[in-house]
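No value in this document is a laboratory result; all are computed from the given coordinates. Just so it is clear, the model here is predicted, and its values are computed rather than measured. Because the Cβ atoms are built from the backbone with ideal geometry, glycine has one as well, and the counts that use them run over all protein chains shown.
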Amino acid sequence: MNQTKQEEYAVNMASRMETIHSDIRGPIFIEANRMAAEGILVLKLNTGNPGAFGFKMPKSVREVLMSSLERAVPYCDVKGMPEARRSICDYQLRRGFQHISPEDIFIGNGVSEIASMLATAMFDPGDEVLIPSPSYSLWTNVTIIAGAKPVLYTCDEQSNWYPDLDDMRSKLTPRTKAILLINPNNPTGAVYPDEIQLEIIKMAREHHLAIISDEIYDRLVMDGMRHTSVAALDPELPVVTTNGLSKSHIICGFRCGWMCISGPDSFKKTVAGTVHKLAAMRLCGNALTQLVIPAALADEDSTRAMLVPGGRLYDQREATCAALEKIPGISFVKNHAAFYLFPKIDTEMYNITDDRQFAMDVLHGTGVLFVPGSGFDWPKPDHFRLVMLPHPQTLTKAMEDIGRFLETYRQK
Ligand SMILES: Cc1ncc(COP(=O)(O)O)c(C=O)c1O
């Protein structure tokens with residue numbers, strides 16, 4: 001086809017896709033892959049994918065998986081296998097939920113698919129959704145795709161990265177439909193105290209808002225901290241809680257997530273009825289992973305073992321923090337959950353005005369790949385996210401390499 005003909009056949013993509021971004025696997029990641037293909041050693045600290053760093057799925061999961069293959073052959077229940085939904089319901093009840101039944105649970109292909117179904121089911125064009133900044137970009141993206149507007153509220157680094165309630169209040173408008181919490185948080189690793197969540201509940205009640213709470217890291221909490229589900233603090237509030245096994249049971253690739261709808265019966269019925277239409281469109285979630293849910297949720301020990309001294313997640317965090325502390329101009333709030341750290345860099349000291357460029361420069365200078373703060377809807381160029389999944393020695397060396405690189409680095 002000649003040039004003119006090609007132009008005649010140009011098909012424009014949906015304009016709403018222009019703001020969709022996933023910097024975790026964006027241009028800097030693509031550059032890292034190019035470097036790796038050329039034989040350059042690259043350490044990828046961009047994705048929270050434990051299986052890629054030698055973490056193994058627990059024996060409890062492996063055994064059920066191997067003996068269940070045949071049972072996973074047919075399409076299963078649109079909402080998820082009854083046995084799996086029962087075990088999720090029991091799990092959420094153990095976590096303090098009330099008045100829920102397996103009918104209030106939907107199982108999907110990861111929290112990613114669940115978030116997408118929920119946003120499509122719940123948001124209309126013109127709706128506003130309060131979303132944390134910084135935050136994992138999934139939720140901003142699904143909100144935009146649904147035609148609604150993400151309105152960012154600040155999480156305050158000076159207050160352990162807890163949501164800034166005044167900022168949240170100032171962002172409420174008559175169009176606000178829901179508040180999103182990511183607790184424990186990605187990228188900060190913060191675990192929210194009950195007092196903060198109770199204030200957010202008060203706000204939601206005053207303004208008749210629903211809360212969506214992404215709690216995929218609720219089992220990955222360290223340092224004697226306790227995670228409380230917002231739905232457990234107020235069983236009568238309209239809440240949709242999302243969770244999954246990707247991280248706690250090292251099965252990211254299996255795609256296993258769920259939502260639990262709690263609150264007034266009318267809310268549960270409306271959300272479930274609408275989500276059901278979307279769930280039916282994709283027939284069912286991955287059946288194989290659903291067969292392991294009961295065994296996984298009964299096995300809390302394998303997750304806990306990673307989070308105490310001598311456990312990989314604990315030791316990797318300690319190694320990262322100890323090495324990072326020595327770098328001039330870098331400060332951070334230590335995470336108490338998950339395996340992410342969101343350090344701050346002194347932009348004046350290093351003359352940084354563009355955090356994507358900074359991440360690219362570090363990649364070229366050291367071979368270490370991380371995600372710039374703007375990839376988490378953070379408005380200033382002064383943060384970046386580290387994934388602390390490699391072994392402690394590898395992380396220590398990577399932080400030392402970054403420190404050495406910064407000795408002479410000035411962006412302009
Ligand atoms: C906060 C948060 N929610 C959801 C997800 C997606 O998880 P899943 O593998 O269940 O799709 C992630 C993955 O990193 C995450 O960090």
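Annotations
- Subtracting the Cα-Cα distance of Ser266 and Ala322 from 0.36 nm times their residue separation leaves 15.1 nm of extension gain.
- The calculated FRET efficiency for the pair Ser101 and Glu236, based on their C-beta separation and a Förster distance of 22 Å, comes to about 0.90.
- Net charge, Thr176 excluded, C-beta distance under 15 Å - Lys, Arg +1, Asp, Glu -1: +2
- The C-alpha atoms of the chain define a longest principal axis, and helix 312-324 lies at about 30 degrees to it.
- Cα lying deepest toward the dipole's positive end in the range 58-136, options Val61, Ala119, Phe106, charges on Cβ: Val61
- Environment charge at Met399 (Cβ cut-off 11 Å; Lys +1, Arg +1, Asp -1, Glu -1): 0
- With a threshold of 26 Å on the Cα-Cα distance, the over-threshold entries among Lys149/Lys380; Lys59/Lys269; Lys59/Lys268; Lys149/Lys277; Lys149/Lys334 are Lys59/Lys269; Lys59/Lys268; Lys149/Lys334.
- In the range 167-257, the GluC sites (Glu not before Pro) that fall in loop regions by DSSP, at most 15 other Cβ within 10 Å: Glu236
- Between helix 27-37 and the chain: long-axis angle, C-alpha atoms, 0 to 90°, nearest 10: 70
- Environment charge at Asn141 (Cβ cut-off 15 Å; Lys +1, Arg +1, Asp -1, Glu -1): -2
- Just checking the listed ones, Ile145, Ile107, Ile30: in the Gaussian network model of the chain with Cα springs under 10 Å, the one fluctuating most is Ile30.
- Gaussian network model of the chain, springs between alpha carbon atoms under 10 Å - residue of Asp127, Asp301, Asp90 with greatest fluctuation: Asp301
- Helix axis angle, 392-408 relative to the chain longest principal axis, alpha carbon, degrees: 50
- The fraction of Cα-Cα pairs per 10 angstrom bin, counted from 0 for the chain, comes to 5, 22, 31, 26, 13, 4, 0 percent, rounded to whole percents.
- Excluding same-chain neighbours fewer than eight residues apart, the aspartates and glutamates reachable from Lys247 by a Cα-Cα span under 16 Å are Glu113, Asp214, Glu215, Asp218, Asp299, Glu300, Asp301.
- Estimated FRET transfer efficiency (Arg34, Gln158; beta-carbon r; R0 35 Å; 0.05): 0.35
- Once the chain from Met225 to Glu8 is taken as fully extended at 0.36 nm per residue, the excess over their C-alpha distance is 72.1 nm.
- Placing a pseudo-label 7 Å from each Cα along the Cα-to-Cβ vector at Asp77 and Lys56 gives an inter-label distance of 3.3 nm.
- Within straight-line cross-link reach of Lys397, aspartates and glutamates at Cα separation under 15 Å, skipping those fewer than 8 residues along the same chain: Asp315, Glu318, Glu325
- Estimated 222 nm signal from helices in the chain, with DSSP H stretches of n ≥ 4 weighted -39500 (n - 2.57), rounded to 500: -11500 deg cm²/dmol
- Net lengthening on full extension, Lys277/Leu69 (0.36 nm per residue, minus Cα-Cα): 72.1 nm
- Antiparallel beta bridges, as assigned by DSSP with both residues in the chain, represent about 50 percent of the total such bridges.
- Relative contact order of the range 14-142, pairs being alpha-carbon contacts under 8 Å that are 6 or more residues apart, as %: 21
- If R0 is 22 Å, the Cβ-Cβ spacing of Ile20 and Thr120 corresponds to a FRET efficiency of close to 0.95.
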